[in-house]
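Each remark here refers to the structure printed beneath this line.
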């Protein structure tokens, strides 16, 4: 397997893990809790998801031919606090992820060295992907943290529970949870 194919395959595997993590966190929240805003300058899970969806659609729609900051994107509107239904939230999530993952799956080796633009600044396709490998898990971490804070004692752990490292390390479980998404 070529290095470029391995890079894309492992990148998609990691991203699917983070997508799943976000979905498992959101599944623990009620519709009202998805819209909970912990402070006046803080974002709700709904707002974080709207931002992720908007970013993914803008960055990855025709990204080899067009600037990643699309004229139709209303970034500031993504951060507008309002009450969104679970269906609206999950629609933004699903559309964003579908756009992003489909774009990655269409890439060829020759595409990885190409220069693309985000806000008129050039970067390689590899750098654009790496940028999102940092950006999206950052926001998914916010989703998980908010969900855990909201659910308190009712939170169902998504990783190794406190005090459970030794048992986990000695178990036959897959140690890298992203491996379940390996193609």
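The values are calculated or read from the model by the stated rules, or taken from the named source; none is laboratory data. It should be emphasised that the depicted structure is a prediction, and the values quoted were computed from it without experimental measurement. We place every Cβ from the backbone using ideal geometry, glycine too, and count neighbours over all the protein chains shown.
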Need the failing condition index for residue 163 against (1) under 17 Å from the mean Cα position of the chain (by Cα); (2) on the phi > 0 side of the Ramachandran plot, just the number.
(1)
Of (1) under 23 Å from residue 115 (Cβ atoms); (2) at pLDDT 95 or above; (3) assigned to a loop (DSSP other than H, G, I, E, B), residue 67 fails just (2)
From the options 109, 156, residue that is loosely packed, with under 14 Cβ neighbours inside 10 Å, under 20 Å from residue 24 (Cα atoms) and over 18 Å from the mean Cα position of the chain (by Cα)
156
State all residues of the stretch 112-121 that are more than 23 Å from the chain's Cα centre (by Cα) and either closer than 11 Å to residue 11 by Cβ or exposed (fewer than 10 other Cβ atoms within 10 Å of the Cβ) (or both); if no residue qualifies, say none.
120
Scanning the stretch 61-72 residue by residue, those in contact with a helix residue (DSSP H, G or I) (Cβ under 8 Å, 6 or more places away or on another chain), within 15 Å of residue 120 (Cα to Cα) and either exposed (fewer than 11 other Cβ atoms within 10 Å of the Cβ) or without any contact (Cβ under 8 Å) to a residue 60 or more places away in the chain (or both) turn out to be 69, 70
From 88, 78, 33, 41, which residue is surrounded by fewer than 21 Cβ atoms within 10 Å (Cβ to Cβ), more than 25 Å from residue 113 (Cα to Cα) and touching a residue at least 60 places away in the same chain (Cβ under 8 Å)?
33
